[in-house]
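Asker: The structure that follows is given in the form of structure tokens.
The values are calculated or read from the model by the stated rules, or taken from the named source; none is laboratory data. Just so we're clear, the structure is a prediction, and the values are computed from it rather than from any experiment. Note that we place each Cβ from the backbone using ideal geometry, even for glycine, and neighbour counts take in every protein chain shown.
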Amino acid sequence: MLKKLFAGLLAVVVLVAGAGFVAWKQFNAYMAQPLSLSEPVQFSVARGTSFGAMTSQLEAAGLINQPIYFRLHAKLNKLQGKIKAGEYQFDSGVTPEDLLNSIVRGDTVKYYFTIVEGSNFRQLKASLLKNDILKQDINDLSNDDLLQRLGVNQQHPEGLFLAETYQIERGMSALSLLKRANRSLMQELEKGWQEKAAKLPYKSSYQALTMASIVEKETGVASERPRIAGVFVRRLNLGMRLQTDPTVIYGMGEAYKGNITRKDLRKPTAYNTYVIKGLPPTPIAMVGREAINAALHPEMGKWLYFVAKGDGSHQFSTNLRDHNNAVRKYQLKRRKDYRSSPEKK
């Protein structure tokens, strides 16, 4: 009797163990089985979403069909509380395990926004408003309101955002991106200000930023930036006017139609450096790190003049006679393919 009972119990144990083994194999096979996706699938995890709610959303989206296995895997590996919000893209071949690990790592879809060197704030704002990844929260803000929201103690937003490429996520606000760009600009500027060259004619780091913006607009040739900054620094130290066209153009605003006349050069504005002495009141463009470095570490030398050669570079001169000769050579007899900035490749 006992032998029969023991044999029956053993049979039950073997049966249960066998069933468990089969279930375990099915579980592991499912988590490692590539999904059959005909095209990439976008999936978003909202901030604050629980693991259970996310699992239900994955099932509803057709990305998993065995939620019990999915939950078990997460529980066994203690992943339930580690999921990260964001937008994800899953391609054919991804397994349920890969999918979960991706969400745990936060491998969200990457988007990028570039603040272009030499662009002005009006152009930057227009570019932000056209971006459909960002949450638009600056459209109705005046410049004063924007600066207040950013916590910036300046009179104008021009030049206050570092020109570089930023990684963004869908739903990020335009204002938060501007905050990051301003913070990056201030960190770069203040670091450079602490390490600046001696005998610079700037009363503040903001004036150095203004100089950097002029340098940025004068040339796109990286190697020329320190030399052009050196020309302007020597002019300021000697009490000469800067006489730089980009400031005139900026002061003209929307009245600028692609050409500067003698009348424009004589018309007084706060930015017409043919008329005013010293630097204009604000930067005239967004700058990158190289322009900031050039303004704070200008190239030593005796050059006081430069003129665009028509191939994107400039001819530098130490005296007015040589400069006038260069103007006649490069400006008065312009080649057909003349351009004042480097050719974009």
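Asker: If you take just the helices (runs of 4 or more DSSP H) that sit entirely in segment 229-307, which of them hold at least 3 residues that are modelled with pLDDT under 95? Outline the logic, then answer.
Answerer: Details: elements: 245-252, 262-266, 289-296.
In segment 229-307, 245-252, 262-266 are the helices (runs of 4 or more DSSP H) which contain 3 or more residues that are modelled with pLDDT under 95.
Asker: Limited to segment 180-204, what total is found for residues that are of a type in the set (S, T, N, Q) and crowded, with 19+ Cβ neighbours inside 10 Å? Quick ask: steps written out before the conclusion?
Answerer: Initially, segment 180-204 is screened for residues of a type in the set (S, T, N, Q), giving 182, 184, 187, 194, 204.
The next check asks that each one be crowded, with 19+ Cβ neighbours inside 10 Å; those that pass are 182.
Of the residues in that region, 1 qualify.
Asker: Write out, first by first residue and then by second, each pair whose Cβ atoms fall under 8 Å of each other, whose residues are 6+ apart or on separate chains, and whose first residue, in segment 166-194, is within 20 Å of Thr108 (Cβ to Cβ) and at pLDDT below 95 while the second is part of a helix (DSSP H, G or I) and hydrophobic (A, V, I, L, M, F, W, C).
Answerer: Ile168/Leu177
Asker: Find all pairs meeting these conditions: Cβ atoms under 7 angstrom apart; at least six residues apart or on different chains; first residue within segment 114-137 and without any contact (Cβ under 8 Å) to a residue 12 or more places away in the chain; second residue surrounded by fewer than 14 Cβ atoms within 10 Å (Cβ to Cβ) and not in a helix (DSSP H, G or I).
Answerer: none
Asker: Picking from Glu218, Glu290, Glu254, which residue would you name as being in contact with a strand residue (DSSP E or B) (Cβ under 9 Å, 6 or more places away or on another chain) and not assigned by TED's automatic domain parsing to the domain that holds Gln155?
Answerer: Sole residue among the options that is in contact with a strand residue (DSSP E or B) (Cβ under 9 Å, 6 or more places away or on another chain) and not assigned by TED's automatic domain parsing to the domain that holds Gln155: Glu218.
Asker: Search segment 217-248 for residues being under 19 Å from Leu265 (Cβ atoms) and of a type in the set (Lys, Arg), and hand back the single one that is surrounded by the most Cβ atoms within 10 Å (Cβ to Cβ).
Answerer: Per the criteria, the residue is Lys217.
Asker: Filtering segment 163-211 down to residues that are of a type in the set (Phe, Trp, Tyr) and not in a helix (DSSP H, G or I), which residue is farthest from Gly278 (Cα to Cα)?
Answerer: Tyr166
Asker: Moving on. Would you please name the residue that is farthest from the chain's Cα centre (by Cα), looking only at residues in segment 138-174 that are among the charged types (D, E, K, R) and surrounded by 13 or more Cβ atoms within 10 Å (Cβ to Cβ)?
Answerer: Checked segment 138-174; the qualifying residue farthest from the chain's Cα centre (by Cα) is Arg149.
Asker: Another question, if that's okay. On the given criteria, is Leu177 buried (at least 19 other Cβ atoms within 10 Å of the Cβ) and outside the structural domain of Glu117 (by TED's automatic domain parsing)?
Answerer: Numbers: buried (at least 19 other Cβ atoms within 10 Å of the Cβ): yes; outside the structural domain of Glu117 (by TED's automatic domain parsing): no.
Taking the combined requirement at face value, the residue does not satisfy it.
Asker: Please work out which residue is modelled with the lowest pLDDT, limiting yourself to segment 59-83 and to residues that are touching a strand residue (DSSP E or B) at 6+ places or on another chain (Cβ under 7 Å) and surrounded by 14 or more Cβ atoms within 10 Å (Cβ to Cβ). Talk me through it step by step, then tell me what you get.
Answerer: Residues of segment 59-83 that are touching a strand residue (DSSP E or B) at 6+ places or on another chain (Cβ under 7 Å), as a first pass: 61, 63, 83.
Next, from what is left, pick out any that are surrounded by 14 or more Cβ atoms within 10 Å (Cβ to Cβ): 63, 83.
Working: Leu63: 91, Ile83: 94.
Ranking the qualifying residues of segment 59-83, first place goes to Leu63.
Asker: Can you say whether Glu216 is assigned to a helix (DSSP H, G or I), in contact with a helix residue (DSSP H, G or I) (Cβ under 8 Å, 6 or more places away or on another chain) and of a type in the set (Asp, Glu), as far as the supplied structure shows?
Answerer: So Glu216 fits the description; yes.
Asker: I'd like the residue in segment 113-171 that is touching a helix residue (DSSP H, G or I) at 6+ places or on another chain (Cβ under 8 Å) and basic (Lys, Arg) and, out of all such residues, is farthest from Ile292 (Cα to Cα).
Answerer: Selected residue: Lys135.
Asker: Would you confirm whether or not segment 315-330 contains a residue that is in contact with a helix residue (DSSP H, G or I) (Cβ under 8 Å, 6 or more places away or on another chain), in a helix (DSSP H, G or I) and in contact (Cβ under 8 Å) with a residue 12 or more places away in the chain?
Answerer: Within segment 315-330, not a single residue is in contact with a helix residue (DSSP H, G or I) (Cβ under 8 Å, 6 or more places away or on another chain), in a helix (DSSP H, G or I) and in contact (Cβ under 8 Å) with a residue 12 or more places away in the chain.
Asker: Taking the conditions exactly as written (polar (S, T, N, Q), more than 28 Å from the chain's Cα centre (by Cα) and buried (at least 17 other Cβ atoms within 10 Å of the Cβ)), does Thr261 satisfy them or not?
Answerer: When the stated conditions are applied, Thr261 does not pass them.
Asker: Right, another one. Taking Val221 as meeting all but one of (1) without any contact (Cβ under 8 Å) to a residue 24 or more places away in the chain; (2) within 18 Å of Trp303 (Cα to Cα), write down the number of the exception.
Answerer: For Val221, the exception is condition (1).
Asker: Another question about this same structure. Report, by residue number, each residue of segment 86-100 that is surrounded by 16 or more Cβ atoms within 10 Å (Cβ to Cβ) and out of contact with any Ser or Thr (no Cβ under 7 Å at 6 or more places or on another chain).
Answerer: Residues satisfying the conditions are Phe90, Val94, Pro96, Glu97, Asp98, Leu99, Leu100.
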